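Working notes, structure below.
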2 protein chains.
Amino acid sequence: MLLRIDQSSTTPLFDQLASSIRGAAITGGVKPGERLPAARDLAESLEVNVHTVLRAYQLLRDEGLVELRRGRGAVVTDRAERYSQLSAAIDTVVVEARALGIAPDTVTALLREALK
Amino acid sequence: MLLRIDQSSTTPLFDQLASSIRGAAITGGVKPGERLPAARDLAESLEVNVHTVLRAYQLLRDEGLVELRRGRGAVVTDRAERYSQLSAAIDTVVVEARALGIAPDTVTALLREALK
DNA sequence: TGACTTGTTCTATTGAAACTAGAACAATAG
DNA sequence: CTATTGTTCTAGTTTCAATAGAACAAGTCA
């Protein structure tokens, strides 16, 4: 699994990390039952703080995407399959938004508004 | 046009305001050529700072949704029509996400990832 | 023309949140 | 039992949203 972090981005690091893992879970990069790297290890390889990684893990736990247990680490659940069912609908939005020349931030704002 | 602001929300006020106006532009609440309230007036009625309103206006200007001119105020452009073309696709995402029991924040995160 | 309206720009302060850092702790694995 | 790994706590730094006040510039309109 390839995880990338952009230190210069304005979006929070823990958010980037969570999104990255989420994406991997959906595309099959990580499969249910698979174990994510230990927070301390991942923090070191990404050159961020342990707390930042743990926060990302906890976010994914709140979403039901991973289970966290001391001594065992973070394990991916089978809930990722549900997320992948949304992919087609989301891809349609992305394609149309690009065709219309609408900026990414604007598209997410429109979605947030529609979700309220 | 009805604009609401939730002071207790974690999302920035200028963001809420921009989304609210954007929504109004899409649903036809405000039409192209129509003029938005003067920043000073809107700030007073919403009980927020003038700068907060102006920041929302400037965000919408960057999106091409309004034009700002001194002495004239903020005028809605006809670009709003483009945005409405996305509505159907976005609605589909919202419906599916709700059916799958996926949290709003998660859905927006998935979209952001797909837009990268 | 001249007064008024309205956005633009500037400086400054406050409060919240992200990130980093270090340490002690608790549950699980092997 | 020992090592691993997440949990919790305190704390300091930085960034950004929001507020506030003031001066300024470009347009409106009588």
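The values are calculated or read from the model by the stated rules, or taken from the named source; none is laboratory data. Not measured: the values here are computed from a predicted model. Reconstructed Cβ throughout: ideal geometry from the backbone, glycine too, with neighbour counts over all protein chains shown. The accessibility values were calculated without ligands, DNA or RNA, using every heavy atom of the protein model including side chains. Shrake-Rupley method; radii C 1.70, N 1.55, O 1.52, S 1.80 Å.
Can you give me the ranges of the helices (runs of 4 or more DSSP H) entirely in region B:39-85 with at least 1 residues that are closer than 17 Å to A:E113 by Cβ? I'd like the intermediate steps shown before the answer.
On the way: elements: B:39-46, B:50-62, B:80-84.
Hits in region B:39-85: B:50-62, B:80-84.
If B:E44 passes every condition in (1) closer than 22 Å to A:L100 by Cβ; (2) surrounded by fewer than 18 Cβ atoms within 10 Å (Cβ to Cβ) but one, which one does it miss?
Tallying (1) closer than 22 Å to A:L100 by Cβ; (2) surrounded by fewer than 18 Cβ atoms within 10 Å (Cβ to Cβ), B:E44 fails exactly one: (1).
Of the residues that sit in region B:47-79 and are more than 12 Å from DNA strand D (Cβ to nearest atom), out of contact with any strand residue (DSSP E or B) (no Cβ under 8 Å at 6 or more places or on another chain) and within 13 Å of chain A (Cβ to nearest Cβ), which one is farthest from A:A99 (Cα to Cα)?
B:D62
Name every residue in region A:26-41 that is in contact with a strand residue (DSSP E or B) (Cβ under 7 Å, 6 or more places away or on another chain) and closer than 12 Å to A:L3 by Cβ, in order of residue number.
Passing the criteria: A:V30, A:L36.
I want to confirm something. Restricting to region B:11-34 and keeping residues that are more than 9 Å from DNA strand D (Cβ to nearest atom) and more than 11 Å from chain A (Cβ to nearest Cβ), which single residue is least open to solvent (accessible area, probe 1.4 Å)? Spell out how you get there, then give the answer.
Pass one, region B:11-34, residues more than 9 Å from DNA strand D (Cβ to nearest atom): B:18-34.
Of the ones still in play, those that are also more than 11 Å from chain A (Cβ to nearest Cβ) are B:28-34.
Numbers: B:G28: 27, B:G29: 42, B:V30: 4, B:K31: 117, B:P32: 70, B:G33: 57, B:E34: 75 Å².
Result: B:V30.
Regarding A:E113, is this residue open to solvent by less than 70 Å² (accessible area, probe 1.4 Å), at the interface with chain B (Cβ under 7 Å from one of its Cβ atoms), within 16 Å of DNA strand C (Cβ to nearest atom) and modelled with pLDDT under 95? Step through it out loud before you land on a result.
Numbers: open to solvent by less than 70 Å² (accessible area, probe 1.4 Å): yes; at the interface with chain B (Cβ under 7 Å from one of its Cβ atoms): yes; within 16 Å of DNA strand C (Cβ to nearest atom): no; modelled with pLDDT under 95: yes.
It is false that A:E113 is open to solvent by less than 70 Å² (accessible area, probe 1.4 Å), at the interface with chain B (Cβ under 7 Å from one of its Cβ atoms), within 16 Å of DNA strand C (Cβ to nearest atom) and modelled with pLDDT under 95.
Taking the criterion of being in contact with a Lys or Arg (Cβ under 7 Å, 6 or more places away or on another chain) and either over 30 Å from A:E63 (Cα atoms) or facing chain A (nearest Cβ under 7 Å) (or both), would at least one residue in region B:92-100 satisfy it?
yes
Tell me, yes or no, whether region B:9-26 has at least one residue that is assigned to a helix (DSSP H, G or I) and more than 25 Å from A:V93 (Cα to Cα). Give the steps one after another, and end with the answer.
First, pick out the residues of region B:9-26 that are assigned to a helix (DSSP H, G or I): B:13-26.
Going one step further and asking which of them are more than 25 Å from A:V93 (Cα to Cα), we end up with B:13.
Checking region B:9-26: at least one residue is assigned to a helix (DSSP H, G or I) and more than 25 Å from A:V93 (Cα to Cα).
Going through B:A43, B:A56, B:A25, B:A38 one at a time, which residue ends up being under 14 Å from the mean Cα position of the chain (by Cα), within 13 Å of DNA strand C (Cβ to nearest atom) and of a type in the set (G, A, S)?
Working: B:A43 fails: under 14 Å from the mean Cα position of the chain (by Cα); B:A25 fails: within 13 Å of DNA strand C (Cβ to nearest atom); B:A38 fails: under 14 Å from the mean Cα position of the chain (by Cα).
Going through B:A43, B:A56, B:A25, B:A38 in turn, just one is under 14 Å from the mean Cα position of the chain (by Cα), within 13 Å of DNA strand C (Cβ to nearest atom) and of a type in the set (G, A, S): B:A56.
Among the residues of region B:91-100, are any in contact with a Ser or Thr (Cβ under 9 Å, 6 or more places away or on another chain), outside any loop (DSSP other than H, G, I, E, B) and modelled with pLDDT under 95? Before the answer, list the steps.
Restricting attention to region B:91-100, the residues satisfying the condition of being in contact with a Ser or Thr (Cβ under 9 Å, 6 or more places away or on another chain) are B:92-93, B:97.
Keeping just the survivors that are outside any loop (DSSP other than H, G, I, E, B) gives B:92-93, B:97.
If we keep only those that are modelled with pLDDT under 95 as well, we get none.
No: region B:91-100 contains no residue that is in contact with a Ser or Thr (Cβ under 9 Å, 6 or more places away or on another chain), outside any loop (DSSP other than H, G, I, E, B) and modelled with pLDDT under 95.
Kindly provide the set of residues from region B:35-46 that are small (G, A, S) and near DNA strand D (Cβ under 9 Å from one of its atoms), ordered by number. So that I can check it myself, show each step before the final result.
Initial filter on region B:35-46 (small (G, A, S)): B:38-39, B:43, B:45.
Listed by number, the list holds a single entry, B:A43.
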